[in-house]
Structure formats: C-alpha cells, structure tokens
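K.L.:
Following this message is one structure expressed as structure tokens.
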Amino acid sequence: MAFNLTERLNQRRVGQLLRQRLLLDSPQQPLLQVDGKALLSFCSNDYLGLANHPEVIAALQEGAKTWGTGGGASHLVSGHSRVHQELEEALADFCGRERALLFSSGYAANLAAICALVGRGDSVLQDRLNHASLIDGALLSGARFARYQHGDLTSLEQHLERISGDCLIVTDGVFSMDGDLAPLPQIAQIAQRKNAWLMVDDAHGFGVLGETGGGSVQHFALKPNDVPVLIGTLGKAFGTAGAFIAGSDELIECLIQFARPYIYSTASPPALAAATLKSLQLLQLERWRREHLGTLIARFRQGAADLGLPLLPSQTPIQPLLTGSSERALHLARLLRSRGILVPAIRPPTVPQGQARLRVTLSAAHNTMQLEQLLSALAECWGKLSD
Ligand SMILES: *Cc1c(COP(=O)(O)O)cnc(C)c1O
C-alpha cells in the first residue's frame, strides 16, 4: 500500500469513508459558526461548557502574562514551571492519588503509560472498543496483546487464563463511541485476583460522572488500589487541553524516568496549566453543570424513545443513534444539517463494520430549547431515511 496515495484515497471515497474537516469561525459552544452559517452543534466533548468560559479564559490570559506562551523545553530539561507543579498536585488531590503527571495530550499519556509499564515478555489485555491511542500504545510496547469482548468479564477471564507473567488490563472508563461504562468494580476484582494491574482511561468520565466530577472511579466508589493507573484528559470536560496520569508516587516516578513520550516532548504552555487549574475548580464546585447535563440526558432519551429511535444503553452525554450503514449515517447527518443541526456521522474504522451511527453529544452549555430543536429535527428526518 505504501505510496499509492491516489489508490488509497479513492478506496476511501468509494466506500463513503472519506473524512472532511469543518471550518469553524467561533469558539466551542452550542451555536457554531461553520462555513459562514450558524449551526446548532451536538458534536463537542466540551461536556460542561468550560471550553469558552470567561473565568477560564481570564486565567489563560493572566497565565500568559505571568508565564509567556511557550513551554520552552521538556519537563526534565527546563520546562517544568511552578504552575505545572501546582496543577499536578491539584489533580492528584482531585483523584485521591499520591501524585499526578501532566502530558500534552491523552494520546501521548496513553502511549507513555503502557510502554513504561509493559514490554517484551509481558501482556496487555484490552476491551475491544478501547480508544485507538490505547491500542497503539499496546502495539508500540512490544508486549503480547489481546483484546477481550466489549465489557465481557467471561471473555476477560478466558484471556487471563492463558497468560503467565505480568499483565496490564486496560479499559476506557466511558466508551467514547457508545457512551456506556466499563464494569470497573468487577474488572478490578478480577485483576486483583489474577495479580494483574488495571489501567483506566477516563477521558469521558472526568467532570461528568461522580459527585464532584471525579469520574468513573468516583461513580463506582473504587479505591486507588483497584485502579492503580488512572488517565484523565483535559480537552473534554475540563475545556482546555492535555492529559494526566494519576497513581502512586512510585508509578509517577517511573513514568518520569522511563516514559519516552514524556521525556522527549516539550512541556505544554504553563499558561494552559493556569487555565486548567481554574477549570478544575469550576468543574468541582459548579455542580449545577452536572445536574443540568443529567436533565438533558434524561430528556433526550425519553424523547428519542418516544420517537422509536435506536438508542444504545448509555447514561452519559454520549448518545449514539445506530444507523447501520455509512450511507444512512451520512444521509441522516445531511438531513439534520439542512435543518441547521450539526451531529457527526461516525463510520468505520472508528466503529465496527455495520455499526455506523450518529454520535449525539450533549453539553451543560445546551439549553432545553436547543434539545427540543434536536428532537423535533430527528422526528422529521428519521422517517426520510432510506433503508
Ligand atoms: C479523546 C481521547 C483520548 C485522546 O486524548 P487527547 O487529549 O485528545 O489526545 C484518549 N482516550 C480516550 C478514551 C479519548 O476519548
């Protein structure tokens, strides 16, 4: 396949799988300016509406005045500022862990964690629907790699039977394309019984689940020992950018010493850490954001059920509507867009063949009227879909 670019692009085009980027002229918010038109968006992972919050913006501006714009060097050389340190300590506190370590992206954090923990001769077991960065981390690590059926404890145990030596079990907390939760209490039990380590990527859980937004681990009231390696990302509910790994002092020290994506990458701008400190505060204190989001989720599910739409069993702001074929997903997305509503069609290879869908995401920034607009547009458009 190497270098035959035309052929590869054509294959994508023929399969209706070619992707295109939207061009935005507005910040992340429910009403987006796209190609000169206002569209009501249900696309963003800005679950709490913090990506364009005046206090977070002010913190970023203040941060830039104090710290400038660039990270300058890697953390191990001269890029580790006091405000990075403060954010790491605040995130560790927030997660109830000894320490936390900042990364510039969730993708890098996942590569780092897996590659630092396992290598040749070890094993990694992952849920089949895990995020691509987790899969890539496992491949890069050189460890033996297997995937168990989605959320399936029996399948997980069967795989574990065949493994000797160190094993890392890795799962999303909330699955990014389905919105469902991993059965973490049961997985944690199995892991402990088998002497395996459990790593949870809670990119879509933090801020959204749990009393104070502590994510899946807080939702299930799990202890640090249950999930020794915890990943959070900052570009979703936190409304900024970057990611963190939280765990024991020893785990974090190992990552600092051995994780190549950490060692060989420039520190993110310190001003960004200042902004994230503010959004971490808001995320914990402003419970109304989670409550309002909960109301929107319940109303959407009720409304969609009344229309007979094929919902997946998700309690989170990720509410996919299964369409089956990519064509149907694209058709529905186009019909909605012609009514001023933006919902992305998600197609293979992001989801399995035959499971294309519209991925509706809700945000605390939506009001109830906007949600009713979505439901009435779905009522009109769903019937117009061809089989
Ligand atoms: C978005 C996401 C990531 C990647 O995080 P970035 O900070 O966007 O690189 C990792 N894991 C999951 C489950 C995600 O949804």
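Every number in this text was worked out from the coordinates using simple rules, so none of it is lab data. Keep in mind that what you see is a predicted model, and the values were worked out from it rather than measured. No Cβ is skipped: glycine too gets one built from the backbone with ideal geometry, and neighbour counts run over all protein chains shown.
K.L.:
Restricting attention to the range 193-255, which GluC sites (Glu not before Pro) occupy a DSSP loop and are surrounded by at most 16 other Cβ atoms within 10 Å?
P.N.:
Hits after loop and neighbour filter: E211.
K.L.:
Mind checking which aspartates and glutamates have their Cα closer than 18 Å to the Cα of K194? Skip sequence neighbours fewer than 8 apart in that chain.
P.N.:
List returned: D122, D127, D152, E157, E161, D166, D226.
K.L.:
Taking other Cβ within 10 Å of each residue's Cβ, how do M369, M177, M199 sort, fewest first?
P.N.:
Taking fewest neighbouring Cβ atoms as first place, the list is M369, M177, M199.
K.L.:
Assign unit charges at the C-beta atoms only (+1 for Lys and Arg, -1 for Asp and Glu), then state the dipole size of the chain relative to its Cα centre in Debye, rounded to the nearest 20.
P.N.:
Value, rounded to 20: 1160 debye.
K.L.:
Okay, next question. Name the shape class, rounded, prolate or oblate, that the alpha-carbon gyration tensor gives for the range 159-246, where a ≥ b ≥ c are the square roots of its eigenvalues, rounded holds for a/c under 1.5, and otherwise prolate holds if a/b is larger than b/c and oblate otherwise.
P.N.:
prolate
K.L.:
So, one more: Which of the trypsin sites (Lys or Arg not before Pro) across the range 135-191 are loop residues per DSSP, with 12 or fewer other Cβ within 10 Å?
P.N.:
Sites meeting the loop and neighbour criteria: R162.
K.L.:
Summing Lys, Arg as +1 and Asp, Glu as -1, what charge do residues with Cβ under 15 Å from the Cβ of G36 carry, G36 excluded?
P.N.:
Counting the neighbours of G36, the net charge comes to 0.
K.L.:
Can you find, among I163, G119, C95, the residue farthest towards the positive end of the dipole of the range 77-190? Put +1 on the C-beta of Lys and Arg, -1 on that of Asp and Glu.
P.N.:
Checking the options against the dipole of the range 77-190, the answer is G119.
K.L.:
Of the trypsin sites (Lys or Arg not before Pro) in the range 241-325, which ones lie in a loop per DSSP and count no more than 11 other C-beta atoms within 10 Å?
P.N.:
When the trypsin sites (Lys or Arg not before Pro) of the range 241-325 are filtered for loop state and at most 11 Cβ neighbours within 10 Å, nothing remains.
K.L.:
Let me ask another. Arranged by the count of other C-beta atoms within 10 angstrom, fewest first, what order do D46, D136, D202, D180 take?
P.N.:
D136, D180, D46, D202
K.L.:
Using Cα positions and a limit of under 16 Å, work out the aspartates and glutamates in reach of K223, with same-chain residues fewer than 8 apart set aside.
P.N.:
Straight-line reach from K223, under 16 Å: D93, E98, D201, D202, E211, D249.
K.L.:
I'd like to know which of A191, V208, G179 lies farthest towards the positive end of the charge dipole of the range 175-239, counting +1 on Cβ of Lys and Arg and -1 on Cβ of Asp and Glu.
P.N.:
Sorting the options by dipole projection puts first A191.
K.L.:
Over the range 54-285, what lengths in whole Å, largest first, do the semi-axes of the equivalent ellipsoid take, defined as the square roots of 5 times the eigenvalues of the alpha-carbon gyration tensor?
P.N.:
Square roots of five times the eigenvalues give 30, 19, 14 Å.
K.L.:
Ranked by Cβ crowding within 10 angstrom, fewest neighbours first, how are K194, K236, K384 ordered?
P.N.:
With the fewest neighbours first, K194, K236, K384 line up as K384, K194, K236.
K.L.:
Let me ask you something else. Could you pull out every whole DSSP H run in the chain that spans at least 15 Å of Cα extent along its own axis and averages 0.5 or higher on the Kyte-Doolittle scale?
P.N.:
Qualifying helices, which must be both long enough and hydrophobic enough, are 106-117, 270-285.
K.L.:
Once you order the gyration tensor axes a ≥ b ≥ c over the Cα atoms, which shape class does the range 202-247 get: rounded for a/c under 1.5, otherwise prolate or oblate by comparing a/b with b/c?
P.N.:
It is oblate, given that a/c is not under 1.5 and a/b is not larger than b/c.
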